[in-house]
1. Exactly one of (1) in contact (Cβ under 8 Å) with a residue 24 or more places away in the chain; (2) out of contact with any Lys or Arg (no Cβ under 9 Å at 6 or more places or on another chain); (3) closer than 25 Å to residue 138 by Cβ; (4) surrounded by 14 or more Cβ atoms within 10 Å (Cβ to Cβ) is unmet by residue 26. Its number?
2. Touching a helix residue (DSSP H, G or I) at 6+ places or on another chain (Cβ under 8 Å), surrounded by 16 or more Cβ atoms within 10 Å (Cβ to Cβ) and over 24 Å from residue 136 (Cα atoms): which single residue out of 34, 63 fits that description?
3. Given the conditions (1) buried (at least 18 other Cβ atoms within 10 Å of the Cβ); (2) out of contact with any Lys or Arg (no Cβ under 9 Å at 6 or more places or on another chain); (3) not in a strand (DSSP E or B), which single one is not true for residue 146?
4. Which condition does residue 139 not pass, out of (1) closer than 29 Å to residue 166 by Cα; (2) over 12 Å from the mean Cα position of the chain (by Cα); (3) surrounded by fewer than 20 Cβ atoms within 10 Å (Cβ to Cβ), if it passes all the others?
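Just so you know, all these numbers are worked out from the coordinates, no wet-lab data involved. In this text the structure is predicted, and so the values were computed from the model without any measurement. Because the Cβ atoms are built from the backbone with ideal geometry, glycine has one as well, and the counts that use them run over all protein chains shown.
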Amino acid sequence: MLIFLVGYMGSGKTTFGAELAKSLGIQWIDLDGLIEQQAGISVARLIVEVGEVAFRELERETLLGLSHGANTVISTGGGTPCFYQNMEVMKSSGIVIYLRCSAAQLAFRLKDETVNRPLLRGLSGPELENHIANQLSQREEFYSQADIIVDGTQTTTSEVIARIRRQSK
């Protein structure tokens, strides 16, 4: 079984993915972490150095390689499902879970990380929240295709495991 976690940056995909994999007793992979390991530099630096288009192509290749695996929870990048046909790849390979959060919740979580997030660099306060809200509205059409949609601020691993088991039947 492959489980893909999608959602905006700061929605908890990395933290929740690690917890979910541990609870299920399966492997966990952070897509951005794997890309960083393979490239030898951070995703933020990679995007700056090669550009977002080249990064998205590398992300796609890495995702395709993982889509043939088994018994793994994969935490994707915030934009992963929105490019190429990545959402279709994930849905045909496993179960996709969307960790939904509001723009206000995400802005609060990300307010101290904008320096490390190239797509948010230089934004703060209402400008940050408005930017996130605009991106969420563009990405929602992709995120909402997930098999399971949960509240990224209140869901527990046991609730998600129960929903995964119902979905898998």
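1. Residue 26 satisfies every listed condition except (3).
2. When all the criteria are applied, what remains is 34.
3. It is condition (2) that residue 146 fails.
4. (2)
Residues checked against (1) within 17 Å of the chain's Cα centre (by Cα); (2) surrounded by 19 or more Cβ atoms within 10 Å (Cβ to Cβ); (3) hydrophobic (A, V, I, L, M, F, W, C); (4) assigned to a helix (DSSP H, G or I):
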{"residue": "53", "(1), (2), (3), (4)": "no, no, yes, yes"}
{"residue": "57", "(1), (2), (3), (4)": "yes, no, no, yes"}
{"residue": "74", "(1), (2), (3), (4)": "yes, yes, yes, no"}
{"residue": "91", "(1), (2), (3), (4)": "yes, no, no, yes"}
{"residue": "107", "(1), (2), (3), (4)": "yes, yes, yes, yes"}
{"residue": "150", "(1), (2), (3), (4)": "yes, yes, yes, no"}
{"residue": "153", "(1), (2), (3), (4)": "yes, no, no, no"}
{"residue": "160", "(1), (2), (3), (4)": "yes, yes, yes, yes"}
{"residue": "163", "(1), (2), (3), (4)": "no, no, no, yes"}
